[in-house]
Amino acid sequence: MADPTGKIAEVTWEDSVGRHGWNEDVIALPVKEPMTSVGYVLQDDEGGIVLLQAYDHDPNSTRPYGCQEAIPRSAIRKVRRLRGSR
């Protein structure tokens, strides 16, 4: 398992909205400022970026990744590298 803590990025992205269940009206598209997330870059490819909030360095850990956030490439507006490269 590779240590992802060498790369940190700030990602600005467009949010989306959803509604569960049967409804009588059409859900409104979100009208708001873009979202910003910062984290360790666990994955960065043509599909998008997966950021990680915490990483367990214990080599025996069976669940080393804490609080993942997957952002589709189509929603990303800007990526600012804070440490490391792509």
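The values are calculated or read from the model by the stated rules, or taken from the named source; none is laboratory data. This structure is a prediction, so every number in the text was calculated from the model and none was measured. FYI the Cβ positions are ideal-geometry reconstructions off the backbone, even for glycines, and counts take in every protein chain you see.
Among the residues of the stretch 55-73, which ones are small (Gly, Ala, Ser) and modelled with pLDDT of 95 or more? Scanning the stretch 55-73 gives a single hit, Ala70. When the stretch 37-86 is filtered for residues that are more than 14 Å from the chain's Cα centre (by Cα), in a strand (DSSP E or B) and of a type outside the set (D, E, K, R), the ones remaining, listed by number, are Tyr55, Leu82. Is there a residue being in contact with a strand residue (DSSP E or B) (Cβ under 6 Å, 6 or more places away or on another chain), among the acidic types (Asp, Glu), surrounded by 10 or more Cβ atoms within 10 Å (Cβ to Cβ) and on the phi < 0 side of the Ramachandran plot anywhere in the stretch 39-61? Scanning the stretch 39-61, I find no residue that is in contact with a strand residue (DSSP E or B) (Cβ under 6 Å, 6 or more places away or on another chain), among the acidic types (Asp, Glu), surrounded by 10 or more Cβ atoms within 10 Å (Cβ to Cβ) and on the phi < 0 side of the Ramachandran plot, so the answer is no. Contact annotation: residue pairs with Cβ atoms under 7 Å, 6 or more positions apart or on different chains, pairing a residue in the stretch 16-33 that is at pLDDT below 85 with a partner that is surrounded by 10 or more Cβ atoms within 10 Å (Cβ to Cβ) and among the basic types (Lys, Arg), are Ile27/Arg19.
Taking (1) touching a Gly at 6+ places or on another chain (Cβ under 7 Å); (2) among the aliphatic types (A, V, I, L, M); (3) at pLDDT below 85 in turn, Ala2 satisfies each apart from (1).
Quick check, is Lys32 surrounded by 12 or more Cβ atoms within 10 Å (Cβ to Cβ) and farther than 12 Å from Ile76 by Cβ?
On the way: surrounded by 12 or more Cβ atoms within 10 Å (Cβ to Cβ): no; farther than 12 Å from Ile76 by Cβ: yes.
For Lys32, the condition - surrounded by 12 or more Cβ atoms within 10 Å (Cβ to Cβ) and farther than 12 Å from Ile76 by Cβ - is not met.
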